[in-house]
Structures are given as C-alpha cells and as structure tokens.
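Encoded as structure tokens, the structure appears first; notes follow it.
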Amino acid sequence: MSGLVINEVRRGFYLDSVALMRLSRGIAERDGVEEAALMMGTPANKRIMDDAGLLTATGQAAEGGDLVIGIRADSHARAKEVLQEALSELDKPAGHGGAAVQWRPRTTRAALKQAPDSNLALISVPGDFAAAEARKALRRGLHVMMFSDNVSLAAEVALKQEAKTLGRLVMGPDCGTAIINGVPLAFANAVPRGSVGLIGASGTGLQEVSCLIAQGGGGLSHAIGVGGRDLKEEVGGMTTLMALDALDADPGTKHIVLISKPPAAGVAARLLERIGASGKSFTICFIGASDLTLPANARSVDTLKAAAEDALGGVALGVGFDPVMMAARAPAGRGAVWGLFTGGTLCAEAQVIFQAAGQVVASNAPIPGASPLDPGGSGHQLIDLGADEFTRGRPHPMIDPTVRDDALVEALASSRVGVILLDVVVGFGAHADPAGHLAPVLTAHRRADGPVVIASVTGTDADPQGRTAQAAKLEAAGVMVAPTNADAATLALACLGCVPGRDPTNRSA
Amino acid sequence: MDLIERANKEAVRRMLAGDPVLVDVIPAEQAIPTLGERMILHAGPPIDWARMCGPMRGAVTGVACFEGWTANLEAAAEQAAAGAFALHPNHHFDAVGPMTGITTRSQPVMVVENRAFGNRAYCTINEGLGKVMRFGGNDEEVLNRLRWLRDDFGPAMGAALREMGGIPLKSLVARGLTMGDEMHQRNVACSGLTLRHLAPALARVTQDRDALARALAFIGGNDQFFLNIAMALGKAIMDPVRGIEGSSVVTAMARNGTDFGIRVSGTGDTWFTAPVEMPEGLYFPGFSAADANPDMGDSTIVETIGLGGFAMGAAPAVAGFVGAGAASEAGNFTRTMAEITLGENPEWTIPALDYFGVPTGIDIRLVVETGLAPTINTGIAHKEPGIGQVGAGVVRAPLACFREALLAFAETLGVL
C-alpha cells in the first residue's frame, strides 16, 4: 500500500454491485493503478475499502446511498487521471448515440408498473438492504433471487418463512446461479432446454453440472439455486423443499439432481423423506458426504461429473480422455498439486477425487476429511479463491481473474509444486475472457522445468466466451485441458503417478 | 400500514377531485382580512430578517416603499432589521408567491376557488420577466409596475373574471400539458389559453381602449403569466389534503432562499426544513453560478401537484433550456418522479409518454426509501438585492427535510 489513494464520493448515485464490480476491474487494470474500487458507501463496504487501503476521510464520510470511488496509484497525478476516467465511465450513457435514452426504473415498484407480467426479482444490492428489497418483491407477488450476500441468517429464515406462506421461492441469499424457464440469471451458462431439473446450494456446482449435461447431449428444465445456507439446520432447507415440490409438480422435469455440501443431519433426513415421496428419479450429490440411507428412487454420487452422468441416464462423459496416457506426455512431475480454483464447489470436487485416490489434501475450504490449509506445508493444496478471505474488497475471481495471478505466479516459481490445477468458469456474468487473461501470465512466468499446468473449462460453446475457444487459448499457452473438472483433478494425480484407486507410492514413472 | 394506505388513498382522491376555478382578482387585504399594516408575507417556511437572503431582503424593502411604510430602501432595511415589519409565510394565509413571494395588503391577488371543497387560495399577479420584485428587484420601474397592477390591471382582470363567471383551470392545464407546458418553467401555452378566455370579458369591462390594449399586451407579452395562476391552483388543490391522519403525502414544498420546507398531511402544519440547494442551470449573458441565489419561492407547490419538474416529459424544450440533459430525456424526469408518487393523474396526461398521467401525491416514505429527491424547475435570482433574475435551472429538494418529516410522521403513528 505504497501508492497514493484518492477518493471521490458521488452523492445518491446508485449502481448495482455486479455492475460496480465489473467497473472496478476495468479501472484497476489501467497502467499505474495499484488498486481501485467503486462501491456503494455502506458501512460494510467502507470497511472493505479501508481494509484494501482504498479509503480516505472523503470516502469515510459517504453514506449507503452514495457511490465511493477509491483509487490507489503510483502517483497522485495518475490517480486523479484515472479518477476522471472512472467518472466518465459512470457518466457514459447506456443508450446508443442520438437515440432516445431508455428509462430504467429505480425501484421494484416502478419496474413492476413498467413490466406488470414479471414474476421474479433478481436482487443484487448491498447486503444491508437486500432483505428489505426481497421482502418488498415478495409482497408484490414476485419470486426472489438474492445474489446479495452478507444477509443475516435470521433475516434469511424470516424471509423464507414469509415466502413459504406466500407460496413464493426465495433463491439465496448468496445465490450466484439459476436458470429458470431457460432464462439464465446471474452467473449461468447457455444450456439447452431439457428434462433434467437441478437444485443446488452451490453456484459453480450448478454451472458445472448444467454444462456437463449439455456436453452429454441433455438439457435442463430449470436450475434452482437455494443459497449456501439453505440446508443448515436453522434454515431447514425451506427453499430446497419448495424447489423439490415445484420440480416434482413440473411436467417438463423428468429427473432431479440435488447438489450441495453435506446438509445438516436433520435437514438431510427431511429432504430424503420428501424425495422418497416423489414419483420421479433423483441424483443426490452431497459433495464430501459419507454414507446416506437413500430412498429407492434416488442414487448418490460423489462428484459433479458423476451427477451429470447419472442425470444423463448413464452416459459417460469425457470418453477418449485418458489421464494416464496424457500424463505420460507431460514431464514427470515432482512435488505437490496446487489447485487454484475460482469455483468453490469445483475445489470441493477436486478434494473428493484426491481423497478417493488416497491423497492427503489441504484446503482453505476443506471437505470432511480434508485438512485446513498449512501455508508452509509440502502437501497438496486446493484453494478456493472465491472464499471470503480472498474477495474482501475485491470482486469475485470469476469476474476478476487477476485475483488468481499472484498465487499462480508463486506456484509457477515454487520448487514444491509439481502440478498446478486450475478451473476456468465462463458464461453470463463471468469475465469476458478468463483464458485470455491466464495465457500471458502463464507464458511470462513459466519455467522449462516448472510445474505442469492443468485446467478444465466450465461452460458451453453457446456461452459468450465459447468453451472451445477458451480451451484452445489455454492449450496454446501450454495448458493440458481436461474435459471436466473431475478429469482435471484425476489428470493432476496421474501426472504425479498417483492414479486414482492405486496406492500413491506405486509410481509408474 | 393499512391506516397509511387508506389515508394516502384519501389524500390522492382529494387531489384528483379538486376543481380549481380562477374566479377573481381582489386586494390582498380583502382576500386575507388578517393581512394588516406593516405585515409582509414571504415565500417558504418562516424566516426572520437576519437570515433572509439578498433578493428577499430586496423585495421586503421594495414593498415597504410600495406600501408607503418607509420613504426609501435604506430606511426600509433599517426598520426591517429593527423588527418593524411582521414577517410571515404566505402558506399561513392561504397564499403562495413565486420566488421572494412578497405579498402585502394593497397588492392585488388572484383568487382560485376549489369548487369541490369550497376553499380559496391566493397569489399575486405575475410581473413579467427580468427586473421584478419576485426576483428581488425594487427600483422605481418595479414599483411603478406594481402600482399599475394594483390600480388598473388587477381591478380590470377581477371585473372580467366576475363578468365571465371564472375560468375552470383543470381542463386548461390538461390542454397546456398537451401543448408543451409544465406550468413552472414554461407557461407559454397556458398563458395564451388564459388570454383567449379572458380577452372578450376584459373588452366588455374596460371602457378605455388604450387601457384594454395595455392589459392584453401585458398578458400576451408575459410567457410566465400563468405561473402565478398555476400556483394558486396548486395551493387550492393541496389545502384540502392537509391534516389527514396517517397520510404521508406532501402537501406543500416551499423555499425562502435560505431554507427548504415541506409540510406533510399526517403531521399537520409543521414545517420540516433543510438548507436550500443551488440550482443547476443556464445563466443569462454576463451572469454565472457565482451570482446565483440558492433556490427560492413557493412555486414548488406546482411540483407538489405533479406539474413542473414532475411534468418535464410534457415540456422537452424545458429539459434542454435548463441544462437538464437532452430533450429526449425529458420523459425520464417524469418517470423517475413516478418512483416517489402514489398515483398518476388520469386527466393531466402527457401525449409523448403515451398519455402517462403526471405523477401525483409525493409520498415521503418513497422519497426517503429511494433517495430520489423531487426535481424542481426553477428560475434563478441574483444573490444581491435589487438585481433580479439571472437564469433558470433545475434543483433538487434536499432529502434531509423528508427524512426529518418521516421521523416525525412515524412518531405520530407511535412507531418510533
């Protein structure tokens, strides 16, 4: 934090957090800028900016409805220049030159007047205001998707109880992904319509499974996000149960996939009971869960890949991909695997694969059986870069891939690292070209005897970034690209001679 | 919650039921019997001489000379400082006045009667543009015009209105909206329509042809003639909305050049004030923002009923003039104001917005919730006394008085 920080406050100037995050990234990318953020001046956001060394007394004085722009640059003059650029970005009209500017409603009330047939509100406001906005939407008869996080557990429970009484769905808070009637919401991919319904407490889990179903020739009826805490005892799976009812009653849904971290025991019991009462078939993917007693119409799987395969009726994904053969083409690795993930559930899935291969694995988001991260340790480390400790004051790495750069450079230089494992998540809401961002970083910092780099791309070719195009960019940068995140983890192990199911000490190389 | 919804429904019902008719012009002391000697009504919430801005002081001293209470402006200022004049808001006497809004006993006032409720509201006659008392002007030219209004024009217009049985204003405003007026910054159409109604009756009641010609030319030469009528109309419509228990609807917004004040139906006649803001606008050549006085006048009663800045979509020309952005964006102002209002006026509609009705019934809860302050179209006075208008622009009502009002409102409902 050596640079010069300047703040500017725009009174009563509101933009939603996704828009601001994207804007922040564009500004922070400019030459001479060390760090930059545009945020609404809520106490929580100001703390974040303060922590990021981006807050001055000017920004400190802002209120929740004010936009704070914080820029730290290598010189005061440069900071001021970039501030001007940021301000002009804010003022750039949304419409086309010369044409009438489209009016955008600022409240749910006005939006509903303009589009009275709407049935869902996507809420992406600072956490302090999110519950109030959700309640307003519910009372106007709308289903709610809450992208916002930092909503209290008590508020979540109250909202979901009210929603239940009103017969409305509250997806979230902290719900990153949903596809309703083919409409992608927040972070989601362009997948075909079909007969598989997804319910997930995890955003990237929903994305990976939906993309793999598309890859296997299937399609989705709906993908319903429930928020990361829905299956906690306190919330009791209220949204998940309502989503189950909805998909159970939906004639377009033939098979239902449930994706989550292991739920609280009581909640799991209620869910399985509800599933047992359904006439439809289910795939249960509780990442990292141990034995479940399942009803006859449900099967349990350990990975997202297996969930997709099961939902496709047993279609095998990644046919032709041979990790052992592929690993043989790569220089024999030494050392450990460092996984640098932007998707939390993708990180969890990799841990499952490692554990199944008998590997000890550490993570900042450990699944049951994995150990907490030990920065000095020499073992495998699988890191979720989307976790709070990395995103405080910064956008999510799916929006801002620079979050991964420092760790990636460190891993490339480390003699302890034999394999670097990456995920690349594309689709709506994600960075415009994450592979294009990774490639030059890899090229610049790679050593001839350095770690092998392995990645998979979560996405479809119908996505704006294009899955094939992203994979090609990675391959051109010397990355081994696996067809799924699970396969990438398997390949990482194969490169170290630790093929799943075999004793890791039995090195074939 | 139910109480508020019911109360606000009633408030909007009363606003829409209002039937304002311009019925007369009479001396202020006749209209307001309590308006006595050395009593001066001003725009905005209460204020004393010490806190008055330059143009309002200019108008106070000018009117003291006009009424013959002092020999000259200097003496008037001394007496004012010594407390020789009783200063009160127009709003406390059923009246409104633009900019400085100065009203005294001998000035003629236009009478608008709300026939649905039987109440009356008063406003002085618009003096025209440039150096005028409402913008703080106070020289002989200004005072002579006031004398002519008092002695000749006012009585003639009053006689004409009585002869013709008054001019119904609701439909006139509706037509004005379709012709590009928003009734605050732009009153070209409504002033012309008024002249059309008034001319035959004026001709019948005026013996002297020159006097008639001068009266007709005065109206015809003043694009803002209708502003003061619109203001009395606004006051006449809003007064019956005052004092509805549980209603969060704004019944008045007014500025005295120092403070911005609002009144809310459910909190009775209490003023909630905050410092006025500076308008953003365009200036006459030779003037700049450095010369500008902060926001002033009772004319925001026009926005209170859904006109002015709220009806910007009807008057794209104004959007360009006041520097509010492209003319094509004018409708955005109106639609945005609909975010803080309870309903739309089904009779006052805007063709260019597919007959969207002007946003009606400002709800302080919505203002505070959205952080969207009412948009006001306004003239800009010079900050020094005696100079007059220097520009026109757009200004926002300060949010602080809405917040304060909301807290007090919550207290009346026992939720705080």
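Table for the structure above
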{"read-out": "Every residue from region B:138-154 that is touching a helix residue (DSSP H, G or I) at 6+ places or on another chain (Cβ under 7 Å) and in a loop (DSSP other than H, G, I, E, B)", "value": "B:ASN138"}
{"read-out": "Any hit, region B:325-341, residues being in a strand (DSSP E or B) and crowded, with 20+ Cβ neighbours inside 10 Å", "value": "yes"}
{"read-out": "Those residues of region A:145-162 which are of a type in the set (Val, Ile, Thr) and within 20 Å of A:ALA44 (Cβ to Cβ), in sequence order", "value": "A:VAL151"}
{"read-out": "Test: B:ALA397 is within 27 Å of B:THR270 (Cβ to Cβ), surrounded by 22 or more Cβ atoms within 10 Å (Cβ to Cβ), away from chain A (no Cβ under 14 Å) and of a type in the set (Gly, Ala, Ser)", "value": "no"}
{"read-out": "Extreme residue, farthest from the other protein chains (Cβ to nearest Cβ), among residues of region A:42-62 that are at pLDDT below 90 and under 19 Å from A:LEU87 (Cβ atoms)", "value": "A:MET49"}
{"read-out": "Positions within region B:342-356 being outside any helix (DSSP H, G or I) and within 12 Å of chain A (Cβ to nearest Cβ), in sequence order", "value": "B:LEU342, B:GLY343, B:GLU344, B:ASP354, B:PHE356"}
{"read-out": "Unique match (being within 13 Å of chain B (Cβ to nearest Cβ), among the β-branched types (Val, Ile, Thr) and open to solvent by less than 50 Å² (accessible area, probe 1.4 Å)) among A:VAL125, A:VAL170, A:VAL157, A:VAL144", "value": "A:VAL125"}
{"read-out": "All positions within region B:358-394 that are of a type in the set (Asp, Glu), within 11 Å of chain A (Cβ to nearest Cβ) and touching a residue at least 40 places away in the same chain (Cβ under 8 Å)", "value": "B:ASP363"}
{"read-out": "Output for region A:238-266, where each listed residue is buried (at least 22 other Cβ atoms within 10 Å of the Cβ) and modelled with pLDDT under 95", "value": "A:SER260, A:PRO263"}
{"read-out": "Odd one out for A:GLU162 among (1) open to solvent by 60 Å² or more (accessible area, probe 1.4 Å); (2) more than 14 Å from chain B (Cβ to nearest Cβ)", "value": "(1)"}
{"read-out": "Conditions (1) more than 13 Å from chain B (Cβ to nearest Cβ); (2) buried (at least 16 other Cβ atoms within 10 Å of the Cβ); (3) modelled with pLDDT under 95; (4) over 24 Å from A:ILE399 (Cβ atoms); number of the one not met by A:PRO116", "value": "(2)"}
{"read-out": "Selection within region A:188-223 - under 19 Å from the mean Cα position of the chain (by Cα), assigned to a loop (DSSP other than H, G, I, E, B) and modelled with pLDDT of 95 or more", "value": "A:ASN189, A:ALA190, A:VAL191"}
{"read-out": "Strands (runs of 3 or more DSSP E) within region B:24-129 that include 2 or more residues open to solvent by 10 Å² or more (accessible area, probe 1.4 Å)", "value": "B:86-89, B:108-114, B:119-124"}
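Per-residue answers, yes or no, for (1) touching a strand residue (DSSP E or B) at 6+ places or on another chain (Cβ under 8 Å); (2) open to solvent by less than 20 Å² (accessible area, probe 1.4 Å); (3) outside the structural domain of B:ILE26 (by TED's automatic domain parsing):
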| residue | (1), (2), (3) |
| --- | --- |
| B:ALA160 | no, yes, no |
| B:LEU169 | yes, yes, no |
| B:GLY176 | no, yes, no |
| B:MET183 | no, yes, no |
| B:VAL188 | no, no, no |
| B:ILE219 | no, yes, no |
| B:THR251 | yes, yes, yes |
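The values are calculated or read from the model by the stated rules, or taken from the named source; none is laboratory data. No experiment lies behind these values; they were computed from the predicted model shown. Cβ atoms come from the backbone with ideal geometry, glycine included; neighbour counts cover every protein chain shown. Side chains are part of the model used for accessible areas, which takes the heavy atoms of the whole protein and leaves out ligands, DNA and RNA. Shrake-Rupley method; radii C 1.70, N 1.55, O 1.52, S 1.80 Å.
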